[in-house]
Amino acid sequence: MTCTTHIPAPNPDAKVASDQLCELIRGEIEAGDGWISFARYMELALYAPGLGYYAGGSEKFGAVGDFVTAPELSPLFARALARQVAQIMKLSTSAILEFGAGSGRLAADLLSALAVRGEMPQRYDILELSAELRQRQTKTLAQQNCALNWLDHLPESFSGVVIANEVLDAMPVHLVAWRAKGIVERGVALDEKGYFTFSERPASGRLLAEAESIAKACALSPDYESEVALAAPAWLAAWGERFKLGALILIDYGFPRCEFYHPQRRRGSLMCHYHHWAHDDPFFLPGLQDITSHVDFTALMQAADAAGLELYGYTSQGCFLANCGLLDELNGLTPGSDEYQRAATAAHRLLSPQGMGESFKILVLGRGLEQALLGFCAGDRSYRL
């Protein structure tokens, strides 16, 4: 694992909260015969009430947080996305539901862009599990002239646009190793000093079936280790029961299956973020760092297909945003102005293959749309799924 000794130490209150979370997790491990799945560890580390990373009070987004998302980088992201959202609303219903809205920056910029276009939604729902983030979103969106609603769970029925930006990468994943002796699950146990450590058990059930399917589809090298996502496909399958008309726009970093399980990624894609330091130790300061995994977009497509949802397109973020007119939005600013210079720098990062343009992908799924979508008018990569 990456050495974390050079990473800045947390403040005393944050360290106390992390220690409390560690005790909570230790208690689960001891109650679970000395072992819990990594998916459960990740769930507690990120979402344990009052202590998990997304349930605590630390700043997470932007320059003062742990990482920068595309909406935090520039309003150009939302302005381009607004063109696609507007098209889908015209083909379905004038409603938006954002899943995991973070600081509320995307919602604020998206609503502002739609207002300029004269295409405001009739309502904007936010499904946010973190009470702390709800408070931040409320402040960020205080000036928006739109019917805003915060939800506690998925609606029973929905038509319109669902947006999930950098949400799926933070859903819990299982860790699996394809050993010579068979497929094992890498869970979490305690070492002799009471610290968290990896411990392997034979994989079983749904996890074993999925791991066997991956092994058949991809050329895995000996002792290949990686993540297997069960939560994200299950979340998508739940939408299949609820979605009536419209589209889900899923934005995240990841790959199609055989690129995800590529020989060069034989130790997986798990990554942690703390004060803009990226490393691979999920046991470092639990509750104070983000833990993420790249997305297997093939698994999402398969879950959507089984749930009766249609695939409307899959491509890179750079291609999608270019199709949606991000450069037109940039050219609408005053050349040479400070605003233009900042926006041009951000546009390069959002579009460039060396920046976020290639690492992030856009997958759009839904039901009932009878028109090709703007974001995939060129460069659609659906065939790679």
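Other residues lying with their Cβ under 12 Å from the Cβ of Ile251 contribute a combined charge of -3, Lys and Arg counting +1, Asp and Glu -1. Kindly flag which residue pairs out of Lys244/Lys361; Lys15/Lys361; Lys139/Lys244; Lys15/Lys193; Lys90/Lys361 have an alpha-carbon separation exceeding 28 Å in this structure. Long pairs (Cα-Cα over 28 Å): Lys15/Lys361; Lys139/Lys244.
Compute the signed sum of charges (Lys and Arg +1, Asp and Glu -1) over the other residues within less than 12 Å, Cβ to Cβ, of Met301. Walk me through the intermediate numbers first.
Working: positive: Arg257, Lys361, Arg381, Arg384; negative: Asp296, Asp305, Glu310.
Here the charged neighbours net out to +1.
Ratio of Rg to Rh for segment 184-312: 1.00 [Cα atoms; Kirkwood radius as inverse mean 1/r over pairs].
Where does the Debye-calculated log10 I(q)/I(0) of segment 24-146 sit at q = 0.09, 0.10, 0.17, 0.18 Å⁻¹, using only Cα point scatterers of equal weight, no solvent? Each listed q maps to, in turn, -0.34, -0.41, -0.89, -0.95. Spin-label pair Leu151-Arg206: with each label point 7 Å from Cα along the Cα-Cβ axis, the two points sit 2.0 nm from one another.
All alpha carbon pair distances within segment 140-258 were sorted into 10 Å bins beginning at 0; the resulting P(r) in whole percents reads 10, 30, 28, 19, 10, 2, 0.
Where both bridge residues fall in segment 12-384, DSSP classifies roughly 60% of the beta bridges as antiparallel. Considering only Cα atoms, the convex hull volume of segment 274-364 works out to 147 Å³ per residue. Close amide-amide hydrogen proximity is noted between Gly287 and Tyr53, each under 5 Å apart and 5 or more residues distant or on a separate chain (H modeled in the peptide plane; Pro and chain starts excluded). A simple count of charges around Glu30, restricted to other residues whose Cβ falls under 15 Å of its Cβ and scoring Lys, Arg +1 and Asp, Glu -1, yields -2.
Report summary: the helix-based calculation at 222 nm, which adds -39500 (n - 2.57) for every DSSP H run with n ≥ 4 and divides by the residues of the chain, gives -11000 deg cm²/dmol. Residue farthest toward the positive end of the dipole of the chain, with Cβ of Lys/Arg at +1 and Asp/Glu at -1: which of Ser221, Tyr340, Ser103? Farthest towards the positive end: Tyr340. Rounded to two decimals, the Cα-based Rg/Rh of segment 219-289, with Kirkwood Rh, is 1.06.
Give me D for segment 12-384 in µm² s⁻¹, whole number, from Stokes-Einstein with Rh from the Kirkwood sum over alpha-carbon pairs, 20 °C and 1.002 mPa s. Show your work: numbers first, answer last.
On the way: Rh = 21.5 Å.
Rounded to a whole number, D works out at 100 µm²/s.
Taking the Cα centre of the chain as reference, the dipole from Cβ charges on Lys and Arg (+1) and Asp and Glu (-1) amounts to some 700 debye.
The phi-based Karplus calculation (6.51 cos²θ - 1.76 cosθ + 1.60; θ = phi - 60°) puts the 3J(HN,Hα) values of segment 269-285 at 10, 4, 9, 10, 10, 9, 6, 6, 9, 9, 8, 10, 9, x, 9, 7, 6 Hz, whole numbers, x for Gly and Pro.
In this entry, segment 325-381 is assigned a mean projected area of 5.1 nm², taken as a quarter of its C-alpha convex hull surface.
A short reminder: the numbers here are calculations on the coordinates, not readings from a lab. Note that this is a predicted model, so its numbers are computed, not measured. Because the Cβ atoms are built from the backbone with ideal geometry, glycine has one as well, and the counts that use them run over all protein chains shown.
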